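Read the structure below first, then the notes.
Every read-out reported here was derived from the displayed coordinates using simple, explicitly stated rules and does not represent laboratory data. These numbers were taken from a predicted model, which means no experiment stands behind them. Because the Cβ atoms are built from the backbone with ideal geometry, glycine has one as well, and the counts that use them run over all protein chains shown.
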Amino acid sequence: MSEADGIMRLRQPISVTYNWSAGPNATSHLNGLLAGTLIGKRCPSCSLVYFPPRNGVCPKCARVLGDDVVVGPRGTITTFCVVNVPFLGQKIKLPYVAAQILLDGADISMQHLIQECEAGDVRIGMRVEPVWKDRSEWGPSLENIAHFRPTGEPDRDMGVEAGAS
Amino acid sequence: MARRDVAIVATAQRPNQVGSTLTSVELILPVINEVIEKLGIERQKIGFWCHGSCDYMSGQPFSFVAAVDAIGAWPPIIESHVEGDGALALYEAWVKIQTGECDVALVFSNGKTTSGPIDRILNLQADPYMVTPLWPGFDSLSALQARACLDSNVLTEADMAEVAARSYRDALNNPIAYAKENVTAEQLLARPYVTAPLRAHDCGVPVDGANAVVLAAGDAARGLAERPAWIRGIDHRIDTQRLGARSMTESFSTAVAAHKAGVGDDRIDVAELHAPYTHQEILLRRAMNLGEGTHINPSGGALVSNPAMAAGLARFAEAAESVFSGSADRVLAHCTSGPMLQQNLVCVMEGE
Amino acid sequence: MADLCAVVGVGQTKHASCRADVSIAGLVREAVDRALADANIGIDDVDAIVIGKAPDPLEGVAMPELWLADALAAHGKPVFRVHTAGSVGGSTAIVAAQHVMAGIHGTVLTIGFEKQSDGNAMWALSVPIPFGMPVHAGAGGYFSPIVRGYIKRSGAPSHVGAMVAVKDRTNACRNPYAHLHEPDWTLEKALESPMMWDPIRFVETCPSSDGAMALVLMSEERADKHAGPKAWVHATAMRSEPTAFAGREQVSPRAGEMCAEDLWRKGGITNPAKEIDVAEIYVPFAWFEPMWLENLGFASRNEGWRWVEDGITDIGGALPVNPSGGVMSTNPIGASGMLRFGEAAMQVMGKAGEHQIDGARKAIGHAYGGGSQFFAMWLVSNGKP
């Protein structure tokens, strides 16, 4: 059987609309983004600070995260990749650097874009800071930050932590 | 067939609600912590974890991966996931314990049916070439089945309304049930059709829910519960899905599973049947020969709160609780999956 | 306490980027019919069916095992579905084996499949989540930073990934079922392959495939009466950990190490590098071969890349890895893990044809998924434990 035999593939687009919940534990984090502040949360059990407060819980301790903690805005690149592949839904021009950034005061890195430098100059340990979009474009999203850019500070030695989250 | 005695020793269910703004992790975390606290055991004593959920209900591929965050999976754990109801996850955990690889297993499930159009989402379980493109909807498929049952005099609309009235009245005594009403079958029959011949009361109410159940083997179970609900038989079977190829008026797979699980060996005090539609409860009762002596769905069942993918495990929790409390000695828990009762899991549990 | 379990039949489809000639059911049935023929039994001899596949949005069918019941002649039988992300093919085989080891069923058919051409895999693997930052770019965007971490930590030279890629693509030419048959790769040519997700080159990534793998498992009682070669399951192991937490080691996740330790302990293996004859390891990006060699306890920390350079993992080396061509040559996601498990079984059954490792007695199948967080492994042998 093939298309040549007159058997065609059926194209059947599926559309389902969802109401997505960020969850109440993410509220202060999202409100922080609306105000241009980076807010993470501290685990009441292990004291580590999560940014973003992923699902509102500490995955190691299975506890709801506790106090809000302001982190960043500067951070350090723990690892990165240079993306050269286009894919559906991608909103950024190629090539670009997607980096894991450990914000100052946070204990887990988050992924964001690095711009305003050559992809080849990006390195593990590089210090970066956020560049915010125009306030008129803000919503409750990390997309309020257009990208991160190098601060010019000396690199941090990430040692054996390189590649770890 | 089973070589190890395995029992449900604790359960936890969150109150069923509509329009929850919690994430799946936030739905699950409290029930997992609650069931562990009830047992007073260290998390590390749990030798196996198994989760039931459905990506299409979350609208996100790999949605179950986040649920690992609710477990506290550090140090790493032995864990698995079924794309389906938590009752099937319970079956996998029961198999695992039978191999002797672990003694205590925690099973959990979550169903957030109000975050997307559940009638349309469940439609995606049908034949993708011939049925899904017609978008019949899950209620409509069930209505076809109900119509077939009515036309062949297997049941009447009054019988269906009796099922609903009993469920809604029983739900008045269940604090976590969502829909509840002191109502008679006569009153219900005066209400309009939604998808004829189904009225609103004939269709389970889609809600958001989560639950967790702990299984334990032998002495571990005796040490964890005063009166464990011992699994005496458990089996699941599937029917063909093809609409024209199976009987709409009986549930063959339920009958086979019930026979394998030993339902007919003795009386059943309480049967928690996962029947999302009123006529399906009647088909299930017939397939398992459940008579007057069996109290069907004292919780109100899936008709009054139907958190899809968690509603089957909820039946296990409810049935086990009736053994824990001593209000029943021999109970039945059932879970269905797929359109028109396509797949059925039947379990018989007993107190000692 | 547990019974023994043996693989008595293995069957897989011809894998391709688009199997437009078959439906999903036809694809699954192609693998099933080959496995049943290999086992010399009929579908009516099967007691239960355990199916695994990766996310349902890849094809757009929710819980397709329900609909597939017809194609599998499953009416009146148990059909069980497993979904544990990329490790699913492995965990499905393990769940199936446990049905036998628990004494519940004597003959179990297990299947892993994916028909990625029926949907959009790149979309399904990167659905943008509201409130987040959509900077990732599919699985490569996720795993490439981890590879960079490994390169930095181990001091591996940058050509190691390309070496693995050339080996696997060359091996695949000996496997008639493999998706990619590209005999002309050389290291020189591979190093010219464009950077997709720097430091991952195009040649160092896996394809997107349609395909299925099916295995017939039997209890000891039945297998003993069954003519033909068998792969006895000596050990199975699974471990999981969260996707992300502060301080998580992503290059060599603890869950993978623990899973391997458990496998070796259960299988009575004290020196895996010496005792294992062949390994089918889940390597969707070439660099994961050296990383998993370390994680599994074959090579010591930061030494895995030397095994690649020294040709230890070649066919003819001391530990051939992925003689079938592996995930690097064939990747129907939901089947990829079971392909590893099934290829390991084929090796000890002596059924691997052109890519057979002479005298293979003990082999492992390995699968992982999610953010390198779900692990499933089995150890099979031509003799009973």
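Under the definition of Cα pairs under 8 Å and six or more residues apart, what whole-number percent is the relative contact order of segment A:24-156? Write out the running numbers ahead of the final one.
Numbers: 285 pairs, mean separation 29.2, N = 133.
Over segment A:24-156, the number comes to 22 percent.
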Find, to one decimal place in angstroms, the Kirkwood hydrodynamic radius of the protein assembly as shown, where the mean of 1/r is taken over every pair of different Cα atoms and then inverted. 27.9 Å
Provide the percentage of antiparallel DSSP beta bridges, counting only those with both residues in segment A:24-156; round to the nearest 5. 95 percent
Scan around residue B:82 for amide H atoms under 5 Å from its own, H built in the peptide plane at 1.01 Å from N, and keep only partners 5 or more places away or cross-chain. B:51, B:52, B:53, C:83
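Could you grab the relative contact order for chain B? Cα pairs under 8 Å, six or more apart, rounded to a whole percent. Can you show the working numbers first?
Values: 813 pairs, mean separation 88.8, N = 352.
It comes to 25 percent, rounded to a whole number.
Please state, as a whole number in µm²/s, the translational diffusion coefficient that the Stokes-Einstein equation yields for segment B:133-282 at 20 °C and 1.002 mPa s, with Rh defined as the Kirkwood radius across alpha carbon pairs.
Details: Rh = 18.0 Å.
Value of D from the Cα-based Kirkwood radius: 119 µm²/s.
Two decimals, Cα atoms only, Kirkwood Rh: what is Rg/Rh over segment C:282-361?
Values: Rg = 12.5 Å, Rh = 13.1 Å.
Taking Rh as the inverse mean 1/r over Cα pairs, Rg/Rh reads 0.96.
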Find the centroid of the Cα atoms in segment B:56-109 and in segment B:187-204, then give the distance between the two in whole Å. 36 Å
Give me the one-decimal nm value for the distance between modelled label points at residue A:123 and residue B:289, 7 Å along each residue's Cα-to-Cβ direction. 8.0 nm
Average partner coverage of B:23-30, which counts Cβ from other chains inside 10 Å: 6
Under-5 Å amide H pairs with residue B:183, H placed in peptide plane, nonlocal only: B:169
For segment A:24-156, just the Cα set please: Rg and Dmax, both in angstrom. 15.1, 42
Provide Rg and Dmax in Å for segment B:16-102, with only Cα atoms included in the calculation. 13.5, 41
Relative compactness, segment C:268-329, computed as alpha-carbon Rg over 2.2 N^0.38 Å: 1.01
Give the separation of the Cα centroids, segment C:186-211 to segment B:17-54, in Å. 41 Å
Binned at 5 Å starting from 0, the alpha-carbon pair-distance distribution of segment B:59-210 in whole percents comes out as 2, 7, 12, 14, 15, 15, 13, 10, 7, 3, 1, 0
Could you state the principal axis extents of the C-alpha atoms in chain C, from the largest down, to the nearest angstrom? 53, 47, 44
Fraction of antiparallel bridges per DSSP, the protein assembly as shown only, in percent to nearest 5: 75 percent
Toward the positive end of the charge dipole of segment B:92-163, about the Cα centre and with charges on Cβ (Lys, Arg +1; Asp, Glu -1), which of B:98, B:131, B:153 goes farthest? B:131
Under a 5 Å amide H to amide H cut-off, with H placed in plane at 1.01 Å, what residues pair with residue C:249 once short-range neighbours are removed? C:254
Peptide-level mean, for B:97-108, of C-beta atoms on other protein chains within 10 Å: 3
Out of the DSSP beta bridges found with both residues in chain B, what percent are antiparallel (nearest 5)? 70 percent
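How much of the calculated P(r) for segment C:22-77 lies past 18 Å, in percent of all Cα pairs?
Details: 511 of 1540 pairs.
Counting pairs separated by more than 18 Å, the tail of P(r) holds 33 percent.
State, to one decimal in nm², a quarter of the convex hull surface area for the C-alpha atoms of segment C:205-302, i.e. the direction-averaged projected area. Present the calculation step by step, with values, prior to reporting the outcome.
On the way: hull surface 36.1 nm².
That works out to 9.0 nm².
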Calculated SAXS-style log₁₀ I(q)/I(0) at q = 0.12 Å⁻¹ - chain B, Debye, Cα scatterers: -0.80
May I ask you to sort C:188, C:303 by Cβ crowding, counting other Cβ atoms within 10 Å and putting the fewest first? C:188, C:303
From the phi of every residue in segment B:315-329, what ³J(HN,Hα) in whole Hz does the Karplus formula 6.51 cos²θ - 1.76 cosθ + 1.60 yield, where θ is phi - 60° and glycine or proline is x? 4, 5, 4, 5, 5, 5, 4, 6, 6, 3, 6, x, 6, 9, 9
Shape parameters for segment C:44-163, alpha-carbon atoms, Rg then Dmax in Å: 19.1, 57
Top positive-direction residue, dipole computed over the protein assembly as shown with Cβ charges, set C:183, C:287, B:331: C:287
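Just tell me how shielded C:82-89 is by partners: mean number of partner chain Cβ atoms within 10 Å of each residue's Cβ, no decimals.
Details: counts 8, 12, 9, 5, 1, 1, 3, 0.
Rounded to a whole number, the mean comes out at 5.
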With R₀ set to 25 angstrom, the calculated FRET efficiency between the beta-carbons of residue C:17 and residue C:189, to the nearest 0.05, is 0.75
